[in-house]
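Here the structure comes first, spelled out in structure tokens, and everything after it is commentary.
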Amino acid sequence: MYRWGIVTSIGVTLGYLAVILANSRHFFTDDTESQYTGLWVFFGRAFRDGHFPFLIPQQWMTGNYTNEEAGLFNPPQLLIDLIAPSVPNLAVYATVVKLVFAIIAGLGVYRVCLVYGARPQWAAVAGVAMPFTGFFLFFDEASWFTAMSGTAWMIHAWASSERYLRGKGGPIPVFVYLYLAISVQYVFPAVEAVLMLIAVAVGYLVCRSPRSWPQWREAFGPLLRLAAAAVCAGAAGLLTFLPSMLSAQVSWRGNSQINNDQFLTVPWSESLNASLPTTMPAFTSWWGYVQPLPMTYVAWFLIPALAFVDWKAAQKHWKQFVAIALFAMMALMWTAGPGTVGPLRWPARVLPMLALGLLVLVCVLLGRFATSKDRDKRIIAALVLVLLLWVRTFSADPHDVLWHLGSAAVVIALGLGAVWLGRTRGSSAATALVIAAMVPIAWFQVWWVQPTPMSWNLPADRNEAMAAFPKFQGGTTIQLSDRGLLQPADKSLRGAYGSLVWGNYAKDLEQDYVNGYTPNGHFYFGEMLCMRWDSSVCPDAYRRLFGAEPTTGRTLADLMLIDRVVLQKAMFPDAGDHPAPEGWHFVDVPGHERYIWVLERDGGPISTVNGRVGDAHDVTATSLDETDMTSRVRVSSETGGRVTFARLGWPGYRVTLDGKPVPFKTVSKVFVAVDIPGGTHNAVLEVSWRPPGWKIGMASAGAGLVGLGVLEWLYIRSRRRGLDAPAAEQRDDDPDRELVGTAK
């Protein structure tokens with residue numbers, strides 16, 4: 001078994017090399033280049049400086065990292081962060097990191113197949129195929145890293161859950177893998193893990209088929225232990241999502257509505273078109289109706305191979321496939337909608353789960369019931385299946401008919417070759433061909449869709465980027481720009497990226513910008529400056545930034561303690577031809593005149609003058625101590641007044657005056673503000689923030705660990721006393737029964 005596990009790892013690695021040959025930046029595109037690698041660098045630098053940044057007030061767009069996809073409590077992610085600042089080339093680093101997780105995912109699929117009785121050869125086929133399924137390769141691996149890493153851990157949780165149910169493993173692996181899937185700080189793997197556990201539990205009950213109370217009690221014992229392990233993992237991971245849940249009322253994702261907007265919802269006819277490498281499905285996304293990427297592709301052999309399963313033999317053991325089939329069915333139902341369920345949007349994101357279920361199901365069937373009996377009839381059936389795939393693919397994308405014909409021909413030729421090798425050289429040779437064919441297919445698919453429609457083309461080499469970027473001297477910078485105004489020629493270091501930032505690119509450059517990439521930002525701040533998820537703004541943002549806030553009479557730039565404003569010339573072409581706002585002046589930035597105007601304050605930076613006090617109306621306020629999460633200010637007021645802080649009004653703030661709790665409010669629903677009563681003299685005002693619900697989260701995590709300890713103690717005791725003997729008993733309908741050989 002270890003040998004074929006090694007084959008799985010080698011196959012995934014070779015596939016990655018093929019993809020890199022087709023596009024060296026495939027694994028450094030879209031959200032990876034604009035969001036995740038910037039977070040890795042930022043957190044790595046913070047860790048090395050001895051800080052753990054839950055909140056960075058001056059990073060207005062992304063500074064509340066309990067709301068971001070940062071993996072704050074995920075140990076492997078923290079290790080990735082810690083290493084990141086030492087690797088100059090982020091494209092190389094992202095590719096290596098993703099290769100590691102692709103191997104982890106592949107080995108997880110390998111384990112799942114073995115649990116259900118597949119031969120190691122076919123388990124390896126499924127393991128290699130998973131990282132090169134369409135949506136997983138072109139979205140999760142290329143862009144959405146937290147989806148990729150969460151899926152990798154969830155797959156291992158599936159294998160460990162089945163083993164724990166059958167008494168073949170303990171609760172610790174279940175707990176660890178579920179916790180890792182939850183704590184990547186991306187909600188989809190957590191929800192998918194719940195569906196997986198439901199499928200596993202239903203499959204277990206169907207296989208046991210309890211008919212009397214003693215049998216029900218015997219069946220429910222393992223199920224209750226598995227449920228307890230899952231609850232413990234969920235309790236430990238509660239702190240990952242509790243702060244964002246309690247902050248939802250002020251965030252962009254702050255609704256619990258269920259809508260079906262059809263965006264990235266996949267008709268079943270498209271999601272089942274899984275075996276033609278050229279499949280371009282038809283459904284609505286960013287690129288219109290016919291997609292430019294093979295999103296619904298799973299594996300070239302998946303559908304034609306169904307013709308070589310001995311279905312009569314498989315039917316006798318149908319109960320053992322209930323869990324796999326149920327998981328695949330739930331994924332299929334989800335991909336078709338609804339389009340939005342609270343924070344869960346874009347059902348196409350679940351396509352990797354459908355691919356996972358189908359790969360495990362088909363490879364377990366082939367690993368146990370593959371047959372070449374009645375070969376000619378089976379070949380004809382396989383040809384009919386390929387024809388149906390071609391018709392569906394042509395119907396969705398008729399413009400590429402010649403490519404689809406060639407793709408069908410390749411699948412037929414490979415299938416005939418695998419059948420011949422299976423008959424003459426055995427199953428190992430046949431599966432070797434199946435795996436080997438995945439490598440050039442992965443290369444072809446990535447090569448075929450170039451140039452990728454997803455790339456931002458941000459610089460990969462941090463040293464080169466930092467050398468080319470303006471040498472701003474400290475302070476907090478805000479950029480007003482629109483990424484949509486960039487022309488293709490601008491997307492290079494010699495172009496706009498040598499002067500302007502979008503997404504988390506400023507973090508790559510080690511610059512302190514308000515701007516950042518956030519999928520879950522502060523709603524009212526975004527509305528205040530019409531700033532979008534990538535930090536692009538509307539043209540009115542300039543007026544708003546230097547306009548007076550009604551309550552305080554101060555400009556937003558003053559309330560935010562902004563020291564520098566960078567204006568995109570394409571958005572504000574005439575800004576430098578007009579007088580600067582009062583208290584500001586334009587500065588020359590040699591070598592960057594083509595793309596930006598730069599404004600700085602007349603009297604120098606203000607962000608470090610008086611802590612985070614943005615305005616003090618009828619109050620004398622002097623900063624005593626300032627950290628990211630706490631402001632301590634000495635205040636005095638004869639008649640009463642208000643102190644407004646340059647802090648976003650996230651839930652989680654607590655305010656005291658001379659140690660006594662006092663209420664606080666928000667100015668314009670954005671800035672934290674505190675009313676100071678009249679007669680206050682030299683009092684200490686303390687404004688402190690903690691992630692909302694952190695005490696509950698910590699207690700929950702402690703309870704989860706204690707619960708895990710109890711489960712592990714019970715598991716060890718049961719093994720010592722031999723109480724798990726009934727679970728290990730082999731029966732015809734036992735899902736752990738290993739079938740040697742293939743059906744003839």
Counting each DSSP H run of 4 or more residues in the chain as -39500 (n - 2.57), what helix-only mean residue ellipticity at 222 nm follows after dividing by all residues, to the nearest 500 deg cm²/dmol? -14500 deg cm²/dmol
Nearest-20 debye value, the range 613-694 charge dipole, Cβ charges on Lys, Arg, Asp, Glu: 300
Work out how much length Val391 to Ser428 would gain on full extension: take 0.36 nm times their residue separation and subtract the Cα-Cα distance, in nm to one decimal. 10.1 nm
For mean projected area of the Cα convex hull in nm², calculated from these coordinates, the label among (i) 47.8; (ii) 34.6; (iii) 33.1: (ii)
Would you work out the relative contact order for the chain, in percent, from Cα pairs under 8 angstrom that are 6 or more residues apart? 17
Among Lys98, Lys695, Lys491, Lys471, which comes first, then next, by fewest other beta-carbon atoms within 10 Å? Lys471, Lys695, Lys491, Lys98
Please work through the chain and write down the cysteines that have no neighbouring cysteine Cβ at a distance under 4.7 Å. Cys113, Cys207, Cys232, Cys363
Acute angle (nearest 10 degrees) that the helix 37-48 long axis makes with the longest principal axis of the chain, alpha-carbon atoms: 70
If you rank Thr622, Thr284 by fewest surrounding Cβ atoms within 10 Å, what's the result? Thr622, Thr284
Kindly flag which residue pairs out of Lys98/Lys507; Lys507/Lys695; Lys98/Lys319; Lys471/Lys665; Lys168/Lys312 have an alpha-carbon separation exceeding 26 Å in this structure. Lys507/Lys695; Lys98/Lys319; Lys471/Lys665; Lys168/Lys312
Name the residue farthest towards the positive end of the dipole of the chain from the options Gly415, Ser536, Pro440, assuming +1 on Cβ of Lys and Arg, -1 on Cβ of Asp and Glu, about the Cα centre. Gly415
Using only Cα atoms, find the angle between the long axis of helix 2-22 and the longest principal axis of the chain, and express it within 0 to 90 degrees, rounded to the nearest 10. 50
In degrees rounded to 10, the 0-90 angle between helix 120-129 Cα long axis and the longest Cα principal axis of the chain is 40
Exposed loop GluC sites (Glu not before Pro) only (DSSP loop, at most 15 other Cβ atoms within 10 Å): please give the longest stretch of the chain free of them, not including the sites. 1-509
How big is the charge dipole of the range 462-599 about its Cα centre, in debye rounded to the nearest 20, if each Lys and Arg gets +1 on its Cβ and each Asp and Glu gets -1 on its Cβ? 280
Loop by DSSP (not H, G, I, E, B), at most 14 other beta-carbon atoms within 10 Å: where is the longest site-free stretch of the chain for chymotrypsin sites (Phe, Trp or Tyr not before Pro)? 288-744
Charges on Cβ only, +1 for Lys and Arg, -1 for Asp and Glu, centred on the Cα centroid of the chain; of Trp158, Thr240, Phe671, which one is farthest towards the dipole's positive end? Trp158
With a sphere of radius 11 Å drawn around the Cβ of Thr630, what net charge do the other residues whose Cβ falls strictly inside it have (Lys, Arg +1; Asp, Glu -1)? +1
Note on the chain, DSSP bridge orientation, antiparallel percent to nearest 5 equals 90
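Since every read-out is calculated from the coordinates, none of them should be taken as a lab result. Keep in mind it's a predicted model, so treat the numbers as computed, not measured. As a convention, Cβ positions derive from the backbone with ideal geometry for all residues, glycine included, and neighbour counts pool all protein chains shown.
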